[in-house]
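Note sheet for the following structure.
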Amino acid sequence: MAEPAKRTSGWPNVRRFVRSIAVPLGAVALALIIGAVIIELSGASALKAYEALAQGAFGNARGWQRTLEKSTPLIFSGLAVAFAFKAGLFNIGAQGQLLFGAITAAWVGFAVHGLPPGIHAAVALTAGAIAGGLYGAIPGALKTYTGAHEVITTIMLNYVAMGFTDYLANGPLKDTSPGNIVARTPKILPSATLPTWHWLPFGFVLAVAAAAITWWILRRTTLGFEIRTVGQNPHAARYAGMKVARTVILTMVLSALLAGIGGAVETQGVVKRYEPGFNANLGFDGITVALLGKTDPFGVIPAAMLLGAMRAGSNQMQFKAHVAQEITDVVQALMLFFVAADMIVRWLLRMRQAEEGEKITLSTGWGAQ
């Protein structure tokens, strides 16, 4: 008679989950501690500063709205970076892809007339996504057919995107209304805007949905299996009959598409036009978000909300505690440092490499295909 199957306990899964988030949480804690020391050395009170930060980010409905608005493009850019990571690609070009998505959505938002509200917003959002995706196809194709490393090409394409979108906002797409001297596009039509329900921006709902869809693609589809296999061992994937070149290009396109949606949402839901400077560093901060979230689509959400809260509450920290706004940038940089140099956190937590779970590979080698 066969023995009955033993019931497995969920405790090992809980321990594994705790270990997987230990390094990001440790990085945040260390960054906040060192940030507190810097604040005290500057002559301000760290306790009052962090209290003002929390109050500005979560103290009322307006604070929550600002936090979610700041978090939304960070979720999309974090998803873009995390998605590329799964194929062993380091997409530093989310900033440029986001800019193209933002300005394309703005153009469709003010230039296309006669569409009903919901349709117009969807068309502008789709246009922004396509613009970002097409821009991401460039480094994907360059890597596949010439061997050019995506780190170099995406960095250069960021500057191309910054210069070109600045030219468009100050040239062919400039707001020509009387009295305007600023480089910006006209305001988008009301039919192209994304709504906000009380304190909940619709863009944040889209971001959470995008995280769920990204997780489903990576974990439950054949394409996701191919992406993860290529990321782990492209030579084995090629030997197994997978089309590595197609997977690399498609991964970069989908990664950039997510960044493009983030730019479109920022235009349609917050700024209501494209204006250089309002989208600064949103794509670059996606790297921090992706690393803090352990390149997991659902982990990206709380990581982005943390950075979004810091941005939303930094003004209150400046006014009430007299702390320079740049301190939040220092804390954010420290978070990225401790996540990247995770051996410091592991040493403090007495954690072995094998205990933490999946190791994040930032990039393949320079000569990898």
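The values are calculated or read from the model by the stated rules, or taken from the named source; none is laboratory data. Because the structure is predicted, anything quoted here is derived from the model rather than measured. Cβ atoms come from the backbone with ideal geometry, glycine included; neighbour counts cover every protein chain shown.
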The condition from (1) closer than 30 Å to Ala36 by Cβ; (2) crowded, with 22+ Cβ neighbours inside 10 Å that Val230 misses is numbered (1)
Could you say whether any residue in region 141-149 is touching a Leu at 6+ places or on another chain (Cβ under 6 Å), of a type in the set (Gly, Ala, Ser) and more than 17 Å from Pro276 (Cβ to Cβ)? yes
Could you check how many residues of region 109-127 are surrounded by 22 or more Cβ atoms within 10 Å (Cβ to Cβ) and farther than 15 Å from Glu275 by Cα? 4
So which helices (runs of 4 or more DSSP H) stay within region 202-270 end to end and still have 2 or more residues that are acidic (Asp, Glu)? none
Select from region 188-206 the residues that are crowded, with 17+ Cβ neighbours inside 10 Å and either charged (D, E, K, R) or within 21 Å of the chain's Cα centre (by Cα) (or both) and list them in ascending order. Leu194, Pro201, Phe202, Gly203, Phe204, Leu206
Using the structure shown, decide if Ala87 is at pLDDT 90 or above, within 14 Å of Ala207 (Cβ to Cβ), touching a Ser or Thr at 6+ places or on another chain (Cβ under 8 Å) and of a type in the set (A, V, I, L, M). no
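Is it fair to say Ala82 is in contact with a Pro (Cβ under 8 Å, 6 or more places away or on another chain), farther than 24 Å from Lys187 by Cβ and without any contact (Cβ under 8 Å) to a residue 12 or more places away in the chain?
Here the answer is no, as Ala82 does not meet what is asked.
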All-but-one check, Leu200 against (1) touching a Leu at 6+ places or on another chain (Cβ under 6 Å); (2) within 30 Å of Pro186 (Cβ to Cβ); (3) of a type outside the set (Ser, Thr, Tyr), failing number (1)
Out of the residues in region 207-227 that are under 17 Å from the mean Cα position of the chain (by Cα) and without any contact (Cβ under 8 Å) to a residue 60 or more places away in the chain, which is surrounded by the most Cβ atoms within 10 Å (Cβ to Cβ)? Ile213
Residues that are among the hydrophobic types (A, V, I, L, M, F, W, C) and closer than 19 Å to Asn279 by Cβ, drawn from region 168-185: Leu168, Ala169, Leu173, Val182, Ala183
Filtering region 128-154 down to residues that are modelled with pLDDT under 95 and within 18 Å of the chain's Cα centre (by Cα), which residue is surrounded by the fewest Cβ atoms within 10 Å (Cβ to Cβ)? Val151
Can you pull out the residues in region 259-280 that are modelled with pLDDT under 90 and β-branched (Val, Ile, Thr)? none
Being among the acidic types (Asp, Glu) and not in a helix (DSSP H, G or I) narrows Asp175, Asp166 down to just Asp175
